[in-house]
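I have placed the structure first, in the form of structure tokens, so that the comments after it can refer back to it.
No value in this document is a laboratory result; all are computed from the given coordinates. Values in this document were obtained by computation on a predicted structure and should not be read as measured data. So basically every Cβ, Gly included, is an ideal-geometry build from the backbone, and we count neighbours across all protein chains shown.
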């Protein structure tokens, strides 16, 4: 048997040397550590896992509050390859982020969950960004970028220009342009050219890539950071095919979509603001359902395989009011309408009965909500949150939900702000569904807990960011 002494000695040497090597390679002044995260627990009388099972009407959480959400960790590092010595000097940064979450809504910590296979760790961002490069004021970036700037935090809803993707971009003064790509194994991107034919020696699976050309321009006016911003996008996917065989007629042909939008941001001073935006997308860029990005193509294609006639509309109102150092009110209103191709025939393939297709080809959803933060003391805040939401799928009754949350909250930093973090919350949420929402099991909560008009969540959660 080989002695363990030499191995232990080598391990000791490596452990002693590692911090010195790390300190030499990554000096502290060149590294910024960023971190968003939330951790907590939730209970139900039946003992079923409920944390992360949103009560909102749909798979997205964008049309309602999110206090019943599950664990999520997002650590990141910004490494300053070249630090600027002045505002006009060139700076170069490497930005990387990872996201960590549970696949089944269970507690994300292995200490509590006990099954590491339930935990997913994925790269989120990895890009290089250079400021004041080539000419003063020009910023270039290349890599995988979340590429989004507007959000309603209480919904975790990134709206108007949320286009996470991989690509290249440039910013100069008020102009922001990018070329982004999206790929995947979904049916929209992958086509089996041998479907319905004898099994080939090598399956002819063709993966297609969506390319998005994006341009935004913001014009400042008025006091503070007030501005008006325009948005345009062009999306395109090539036809499915390869050098040996083309797809059958009407199967994943080339397609495209266009987007236009405008947003007005009013800086009202004292941390108060009002944002209003509208966005329209057509063709394959019609994503809007429950706050989806434009590349989340909604609905069904036409009989020719394209999304001709499809479109999506998004309206968002978001505001912040402060009442001295007594309270803060953060509120929103959203509306989304999405429809698939006008060439879609729901009776194709449904049999002699000609029943409406199981997947709707249009959807309307809207919501109103607000969170009030009352500063009882510097370190003790009391949160209340109210939401009304409605959703109607084509050919089905309109489902509604009313949510009320109460959350006594400890803020260790003592900051009187609804943006202060970390927060340590005790949370109770009551949700009331109408019969249509129950019958259609419109929320992940109903799908987990079963048909009920009254839903409850009791939990404790901490949230942080820096």
query = Quick one: which of 367-378, 46-57 comes out on top by average Cβ neighbours within 10 Å, and what's the full order, highest first?
reply = 46-57, 367-378
message = I'd like the FRET efficiency for residue 441 and residue 104, computed as 1/(1 + (r/R0)^6) with the beta carbon distance as r and R0 of 25 Å, rounded to 0.05.
response = 0.90
message = Would any residue of region 299-334 have its amide N under 20 Å from a label point 7 Å out along Cα→Cβ of residue 272? List them or say none.
response = 317-333
Efficiency of FRET from Cβ geometry, residue 377 and residue 308, R₀ 56 Å, rounded to 0.05 = 0.40
Estimated FRET transfer efficiency (residue 43, residue 417; beta-carbon r; R0 22 Å; 0.05) = 0.15
task = List 289, 272 from most exposed to least, where exposure is judged by having the fewest other Cβ atoms within 10 Å.
result = 272, 289
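Rank the residues 91, 109 as a footprinting-exposure proxy: fewest other Cβ atoms within 10 Å of their Cβ go first.
Numbers: 91 18, 109 14.
Lowest count first: 109, 91.
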Cα pair distances exceeding 11 angstrom across region 141-181, given as percent = 65 percent
Whole-Å distance, taken between Cα centres, linking region 267-289 and region 39-89 = 21 Å
ask   = Under a point spin-label approximation (7 Å from Cα along Cα-to-Cβ), what is the residue 117-residue 181 distance to one decimal in nm?
value = 3.3 nm
ask   = If we sort 133-143, 398-408, 419-429 on the protection proxy, mean other Cβ atoms within 10 Å, highest first, what's the order?
value = 398-408, 419-429, 133-143
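To make sure I understand, if each residue's beta carbon is the centre and we count other beta carbons within 10 Å, what order do 155, 431 fall in, fewest to most?
Working: 155 24, 431 27.
By the 10 Å Cβ count, ascending: 155, 431.
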note = Taking only the alpha-carbon positions of the chain as identical scatterers, the Debye log10 I(q)/I(0) at q = 0.07, 0.10 Å⁻¹ comes out as -0.45, -0.92
request  = Work out how much length residue 426 to residue 325 would gain on full extension: take 0.36 nm times their residue separation and subtract the Cα-Cα distance, in nm to one decimal.
outcome  = 34.1 nm
key: Two-site label geometry, residue 156 and residue 87: point separation in nm, points 7 Å out along Cα→Cβ   = 3.7 nm
message = From zero outward in steps of 5 Å, how is the percent of C-alpha pairs of region 204-282 spread across the bins?
response = 3, 13, 17, 13, 11, 9, 9, 7, 6, 5, 4, 2, 0
